[in-house]
1. I want to confirm something. Restricting to region 418-457 and keeping residues that are modelled with pLDDT of 95 or more and among the basic types (Lys, Arg), which single residue is surrounded by the fewest Cβ atoms within 10 Å (Cβ to Cβ)?
2. Need the failing condition index for Met130 against (1) on the phi < 0 side of the Ramachandran plot; (2) in a strand (DSSP E or B), just the number.
3. Please work out if Leu471 is modelled with pLDDT of 95 or more, within 30 Å of the chain's Cα centre (by Cα) and aliphatic (A, V, I, L, M).
4. Which of the residues spanning region 249-274 are over 30 Å from Arg301 (Cα atoms) and under 25 Å from the mean Cα position of the chain (by Cα)?
5. Residue check, Lys486 against (1) surrounded by fewer than 20 Cβ atoms within 10 Å (Cβ to Cβ); (2) in contact with a Ser or Thr (Cβ under 7 Å, 6 or more places away or on another chain); (3) at pLDDT 95 or above, all met but one. Which one?
6. Do we have any residue at all in region 698-713 that's closer than 23 Å to Lys514 by Cβ, of a type outside the set (D, E, K, R), open to solvent by 90 Å² or more (accessible area, probe 1.4 Å) and modelled with pLDDT of 75 or more?
7. I need a count of the residues in region 284-329 that are touching a residue at least 12 places away in the same chain (Cβ under 8 Å), in contact with a helix residue (DSSP H, G or I) (Cβ under 7 Å, 6 or more places away or on another chain) and open to solvent by 20 Å² or more (accessible area, probe 1.4 Å).
Amino acid sequence: MKVSFMGKLGAATVCGLAAFALADNPISTYHYLADPGAAADDEYFYLITDSDDPAAANASDYNIKALYGFRSRDMQNWTDFGIIYDARKVDGIDAIWASGIAKNPNDGRLYIVFPDGGGGGIGLIGADSMAGPWTNPVSGNKKLINNWGGGISDCDNIGWCFDPAIFFDDDGQGYFTFGGGSSDQRPANDNNNDIFNIYKLNKDMAGFDVNSKTHLKIGGPKAMEASYIHKYNKKYYLSYSTADLHIAYGMSDSPMGPYTYKGIFMDNPNISGQNINANNNNHHGIAEFKGHWYVAYHDRRIANGYEGLEKIPSEDGGANPNPAYHRSVSIDEFTYADDGSMNKLTFTKTGPKQIENFDPYDWYPALTSSKQKGVRSRTNFTPGKVSEHLLLPLSTKESWIRVSGVDFGTAATGFTVEAASTASDDKIEIHTGSATGTLAGTCTLKNTGSKSSFEQNACEVEGLKGIVDYLFLVFKGSKDSTMAIKAWGFEGSGTTPPTPHSAYEGKVVTLPAKIEAENFDVPGTGRGSDVDSYNDADAENQGDAEFRTDEGVDVVLGGTGKAIGYTAEGEWLLYTVNVPADGDYAIKASASTGAESAGFKFQVDGKDVGTEITVPQTGEDWSVYEEFDGGKATLTAGEHVIKLIITGTNVNVDWFSFGDVSAAVVDPSTTILSTNVQLFGSAKIFQVFDLRGKLMGTVDLKNMSATEALKAQAFGKGVYMLKSVNGGKSFMAPVK
């Protein structure tokens, strides 16, 4: 193993991506979960949900007592941390409903805002990781908001004091919102909704600025609940659940509004016209992760037995529980239109594509999987401690968990599982492809005498190498409820070595040169910062040039032939170049836009060079390309990586150049014709042009004449013009 078995939990890493792997909605089929909140950082996508598990099979109302926590590095394999906060075991909280989560850029911690039951107030908790422990950072252990005293402020006459969300802006300022229902003082009406409040959090998270209170008024259809704020391309989005069971949204230039209503982002969940939500309420969580935008939501797929899903019993053992109060959590990817509006979400059976491969050579909480069957779970929650969450197989039936897109590299040699067992024939079989596919190994579990006494069990495996589409851990025994699984991991020789991005068609461009923007580097494979060669807001090439269609950069027809288009702020492309000599290299570029302002800039090896290029409107249809000056870059000799970064949305870039690539003007009356010019020191690298002014390459004149250097570089017979890259000398030289 790469880490101690008792070390860090679940740090999955990336390897050469298996494009086949698709997730399956919902993310968990052994819980009834609802009301997701979403957040992300550079490493993980996080989900929190509340739970309908306590509700009786014939429930006629909600019974919601706990929050569950999940995270993923690839958007398919999810680690379930179980109950991370339980109202039944925390003083002063009656129940815990739809909550919000965010990562604080100031202290690196996760924070959750939660409602105390169905309207009692809003609380705040924080933790260093999803696993917890989660504690209250507010001074005096108070709630933020409390209807009946004891909080920093009250509910401000809002009808339903619940459904909070939390948001941190780019400058680190935190905000929280809440609200729902309707009251005489704070009504919800079509085109006039006044049921949400927003406040600024203190930087130390010990409270909030009471004087910052702002009513988040918005038009649109009558609001019901679930105010949620996110940011995209310098705009703020307020989304909310409507009384007619949709998710609507508005946009603003400020997190505190005012918000202009824009439309419906989510219909009530349906696939091919079939409602998968019992035509009932919804709640959503939105976050960006590794260049993709995702929304989590709840539906009723499990309770409805949609697509053959097992209708798991309710916690009281009752079969076929009432779908209205037994929900499931799913997730899908969405996109934005060119004007920043949110394209309507398409609900899917498969969920998002897997964006990274799974590294098996780590130590994972047992319920890390992309799909499950015939399993249950149990959380041992104690306030102030990291919860113990256990996988409980129903081992006399078909019982397994599946992990997708697993990169075993050269080969796995062993499997280790930490488990408790009260039987002598409990075992875990490792299969590939399906639950009955090729057997790679079998681990027989030690009888520990108690389901609370755990030991590690190891076994050898074979045939696990390269990228395995689907890996199944299959649980078998003669009785149910005799084993509890805590964690597992593989041993082996390491995952597939990564390969870095590389120059397009394998040709590293030597400066000075004009570089066509569509000739960005080819992506590598594996994990790490050297793999990606571009970042695009969506996974598909939406351009009309039919060029590099298997990659996500949008290549359009235009300019000198092709250009990159459909650009969004924050997108970037990489170009590997060779710099022949130290010096200053002028930057120019050709671009167009139909928008009123767009732009881009350049970096070399991660550092800004030149000046940011602002592109005013060149033509409403993006067909008019103009040349722009980008200042100069001071570069050292050697291989470097140029990064083109979009700073203003909706700019098309045709080409850019580093160094003087203008046609050489040959004047025989003023130009020296020489066969024996030799140079020493810094002025030794010369561009070579033919007599039509076409750049043919470069030569190094250190310790040899121009003619000798040209012959050494295999230039054919003729006369060539040589121009110093430092701009100080030019002359002509023959090759006979």
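The values are calculated or read from the model by the stated rules, or taken from the named source; none is laboratory data. None of the values given here were measured: they were computed from a predicted structure. All Cβ positions, even for glycine, are placed from backbone atoms using ideal geometry, and neighbour counts span all protein chains on display. Only protein heavy atoms, including side chains, enter the accessible area calculation; ligands, DNA and RNA are left aside. Shrake-Rupley method; radii C 1.70, N 1.55, O 1.52, S 1.80 Å.
1. Among residues in region 418-457 that are modelled with pLDDT of 95 or more and among the basic types (Lys, Arg), the one surrounded by the fewest Cβ atoms within 10 Å (Cβ to Cβ) is Lys446.
2. (2)
3. In short, yes.
4. Met251, Ser252, Asp253, Ser254, Pro255
5. Among (1) surrounded by fewer than 20 Cβ atoms within 10 Å (Cβ to Cβ); (2) in contact with a Ser or Thr (Cβ under 7 Å, 6 or more places away or on another chain); (3) at pLDDT 95 or above, the lone unmet condition for Lys486 is (2).
6. Let us first name the residues in region 698-713 that are closer than 23 Å to Lys514 by Cβ, namely 698-700, 710, 713.
Imposing the further condition that a residue be of a type outside the set (D, E, K, R) reduces the set to 698-699, 710, 713.
In the following step, the residues that additionally are open to solvent by 90 Å² or more (accessible area, probe 1.4 Å) were identified as 713.
Keeping just the survivors that are modelled with pLDDT of 75 or more gives 713.
Yes.
7. 3
One line per residue, one yes/no per condition, for (1) open to solvent by less than 40 Å² (accessible area, probe 1.4 Å); (2) out of contact with any Leu (no Cβ under 6 Å at 6 or more places or on another chain); (3) modelled with pLDDT under 90:
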| position | (1), (2), (3) |
| --- | --- |
| Leu573 | yes, no, no |
| Asn578 | no, yes, no |
| Glu596 | no, yes, yes |
| Ile613 | yes, yes, no |
